[in-house]
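Here's the structure, in structure tokens; my notes come after.
The values are calculated or read from the model by the stated rules, or taken from the named source; none is laboratory data. This structure is a prediction, so every number in the text was calculated from the model and none was measured. Note that we place each Cβ from the backbone using ideal geometry, even for glycine, and neighbour counts take in every protein chain shown.
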Amino acid sequence: MKKLSLFIAITAVTMHMFAQKNVGIGNSSPVTKLDISGALSLREGAALSLSNGGSRGGANDNITLPEITGTTDIASFYRITGPTALFSIFGITPNTGADGQVVTLVNTTAYTLTIINNNSSGTGSSIITQTAVEWKQLGSGSGFRRDWRYRCNG
């Protein structure tokens with residue numbers, strides 16, 4: 001019994017010590033909770049094929065982000081394809097178990113994408129922009145490309 005008590009005490013102290021530390025991947029002196037030295041690979045999901053235009057409760061609202069082909073894994077990077085004119089995104093339906101997930105969407109079309117602030121028809125699907133106003137992203141055909149990150153609270 002004394003050996004078991006000593007093991008439990010040592011394990012508890014060790015777990016407490018590690019819980020207070022920063023974690024380094026590829027370095028031995030991390031300065032933040034997660035400090036990665038080197039490249040970080042993010043998984044790409046299937047292309048999101050969206051429609052021209054878009055409307056609350058209609059096209060490009062409550063978009064479901066597809067899983068990585070052949071798995072049940074949630075991706076973190078998606079390329080937008082499909083539109084042949086201006087288009088808007090009204091909402092994204094969060095994946096189950098993806099609370100806090102950061103998603104990067106890249107507009108690969110030649111047309112302007114507008115992220116509509118807080119106007120989805122789905123519960124928990126609205127996108128809240130940092131400025132609380134609509135956000136426009138020019139298409140890649142214009143020579144400007146910018147990633148958009150969505151933090152899902154589903």
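So that you can scan it fast, the table gives a plain yes or no per residue for (1) touching a strand residue (DSSP E or B) at 6+ places or on another chain (Cβ under 7 Å); (2) closer than 20 Å to TRP135 by Cα; (3) free of Cβ contacts under 8 Å to residues at least 40 places away in the same chain; (4) assigned by TED's automatic domain parsing to the domain that holds GLY139:
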| residue | (1), (2), (3), (4) |
| --- | --- |
| ASN22 | yes, no, yes, no |
| ASN27 | yes, no, yes, no |
| THR69 | no, no, yes, yes |
| ILE74 | yes, no, yes, yes |
| PHE77 | yes, yes, yes, yes |
| PHE87 | yes, yes, yes, yes |
| ILE92 | yes, yes, no, yes |
| VAL103 | yes, yes, no, yes |
| VAL106 | yes, yes, no, yes |
Original post:
Does segment 65-95 hold any residues that are among the small types (Gly, Ala, Ser) and under 24 Å from GLY124 (Cβ atoms), and which are they?
Top reply: ALA75, SER76, SER88, GLY91
**OP:** Quick one: GLN101 ticks every box in (1) crowded, with 16+ Cβ neighbours inside 10 Å; (2) modelled with pLDDT of 80 or more except a single one, so which number is it?
**Re:** (2)
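For segment 70-79, give me each residue that is within 20 Å of THR108 (Cα to Cα) and either touching a His at 6+ places or on another chain (Cβ under 6 Å) or surrounded by fewer than 18 Cβ atoms within 10 Å (Cβ to Cβ) (or both).
First, pick out the residues of segment 70-79 that are within 20 Å of THR108 (Cα to Cα): 75-79.
Residues satisfying the conditions are PHE77, ARG79.
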Subject >> PHE18, sole failed condition from (1) surrounded by 10 or more Cβ atoms within 10 Å (Cβ to Cβ); (2) modelled with pLDDT under 80; (3) of a type in the set (Phe, Trp, Tyr) >> reply: (1)
